[in-house]
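The values are calculated or read from the model by the stated rules, or taken from the named source; none is laboratory data. All values reported here derive from a predicted model rather than from experimental measurement. Using ideal geometry, Cβ is built from the backbone for each residue, glycine included, and neighbour counts are taken over all protein chains shown.
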Amino acid sequence: MSTESTTTPRPGPIRLADVTKEAYIYLGAGAAVVLQLAHPGVGQGVVEHSDTLRRPVDRLRTTMTFIYAVTLGTADERQYVARYVDQAHGPVRSASYSAFDPDLQRWVAATLFKGALTLHEMFEGPLAPPDRDALCREAAVYGTTLQMPAELWPGDLAAFDAYWTRSLAGFTVNEDVRRYVHALLGAEGAPWWIRVLMPLQRFATRGLLPDEIRRAFALSWTTQDERRWAWFVRYAPRLYRCVPGVLRRLPAAWVMRGFRRRMAGSAAI
């Protein structure tokens, strides 16, 4: 699998907000979820407590609201979304896991950062090492907005890569979590417009996942898939750059507008 861009490194500095406001991050949604579920604690907690299979649109909106509020919002908006997530996480606990576990939150934050960096470099070109390190440090906000202490987050990309590799090597996936992922990617019962988009989402999910995670979840990846993915990585960024910026950033603006309206009315995010 390759997501390497042929363009030259773009000048920095780049902020996390510059990445998350772009619509291309939605291509990484499936891969981020699968990677999160690869962690035994996260996977079991989601299988036992999540209603994503019954309410996929609501769960996607909630997840993207968290991402946007944390990276694009004010300090007050981050505090508000953190309180909401904490309330939702309250029942997600057992003898073997808790949604308030800083280690689990670090892994979820890591998947969000990994996806953001990968997709940004795929669509915009590689970042210089200092800008990668700065983006990595800024991405700690995904965890520190909740219960993760700042010192738990890797200090630069080299430390992050070591943590990432070490974590993946220690994961095992049980059959319940595997079935859940296949059901999620199947999108049965989802609105028609989500089902229309799912072939691309499933392909991008499989393309963005590491080989060992694809194998753990029994997600196929053939030589033909590899060729198609190489074509996609080559041409999708060119097509994306033809889209006016206001349209590329419309999903972020729309979700944030709805979030601010609900926040003003003290409604659920």
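Scan segment 151-172 for residues that are modelled with pLDDT of 95 or more, surrounded by fewer than 14 Cβ atoms within 10 Å (Cβ to Cβ) and outside any helix (DSSP H, G or I) and the total you get is 1. Give segment 144-157 a look and list any residue that's in contact (Cβ under 8 Å) with a residue 12 or more places away in the chain and either touching a Gly at 6+ places or on another chain (Cβ under 6 Å) or of a type in the set (A, V, I, L, M, F, W, C) (or both), or say none. Across segment 144-157, the qualifying residues are Leu146, Met148, Leu152, Trp153, Leu157. The single residue among Leu200, Leu168, Leu208 that is touching a helix residue (DSSP H, G or I) at 6+ places or on another chain (Cβ under 7 Å), of a type outside the set (Ser, Thr, Tyr) and closer than 24 Å to Lys21 by Cα turns out to be Leu208. Among the residues of segment 219-246, those that are assigned to a helix (DSSP H, G or I), touching a residue at least 24 places away in the same chain (Cβ under 8 Å) and among the hydrophobic types (A, V, I, L, M, F, W, C) comprise Trp229, Ala230, Phe232, Val233, Ala236. Condition check for Glu121 on (1) out of contact with any strand residue (DSSP E or B) (no Cβ under 8 Å at 6 or more places or on another chain); (2) closer than 28 Å to Ile194 by Cβ; (3) not hydroxyl-bearing (Ser, Thr, Tyr); (4) not in a loop (DSSP other than H, G, I, E, B): one failure, at (1). How many residues does segment 135-146 hold that are part of a helix (DSSP H, G or I) and either within 14 Å of Asp161 (Cα to Cα) or among the hydroxyl-bearing types (Ser, Thr, Tyr) (or both)? Final tally of qualifying residues: 5. Scanning for something in a helix (DSSP H, G or I), under 22 Å from Arg262 (Cβ atoms) and of a type outside the set (Ser, Thr, Tyr), does segment 88-105 turn up at least one residue? Within segment 88-105 (the criterion being in a helix (DSSP H, G or I), under 22 Å from Arg262 (Cβ atoms) and of a type outside the set (Ser, Thr, Tyr)), the answer is yes, since at least one residue qualifies. The set of residues in segment 13-35 being surrounded by fewer than 19 Cβ atoms within 10 Å (Cβ to Cβ) and outside any helix (DSSP H, G or I) consists of Pro13, Arg15.
Conditions (1) basic (Lys, Arg); (2) within 21 Å of Ile25 (Cβ to Cβ); (3) within 19 Å of the chain's Cα centre (by Cα), marked per residue:
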position	(1), (2), (3)
Arg202	yes, yes, yes
Thr205	no, yes, yes
Ile213	no, yes, yes
Asp225	no, no, no
Gly245	no, yes, no
Arg248	yes, yes, yes
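Could you look through segment 77-102, keep only residues that are in contact (Cβ under 8 Å) with a residue 60 or more places away in the chain and under 11 Å from Ala268 (Cα atoms), and pick out the one that is surrounded by the most Cβ atoms within 10 Å (Cβ to Cβ)?
Selected residue: Val81.
Inside segment 130-139, residues that are of a type in the set (A, V, I, L, M) and crowded, with 21+ Cβ neighbours inside 10 Å make up a count of 2.
Tell me yes or no: at least one residue of segment 219-241 is surrounded by 11 or more Cβ atoms within 10 Å (Cβ to Cβ) and within 30 Å of Glu48 (Cα to Cα).
Checked segment 219-241: at least one residue is surrounded by 11 or more Cβ atoms within 10 Å (Cβ to Cβ) and within 30 Å of Glu48 (Cα to Cα).
Restricting attention to segment 183-218, the residues that are without any contact (Cβ under 8 Å) to a residue 24 or more places away in the chain and part of a loop (DSSP other than H, G, I, E, B) add up to 1. Entry remark, segment 47-63: residues being over 23 Å from Arg78 (Cα atoms) and either surrounded by 24 or more Cβ atoms within 10 Å (Cβ to Cβ) or among the aliphatic types (A, V, I, L, M) (or both) number 2 in total. Within segment 136-158, identify whether any single residue is among the acidic types (Asp, Glu) and over 19 Å from Gly28 (Cβ atoms), and answer yes or no. Yes.
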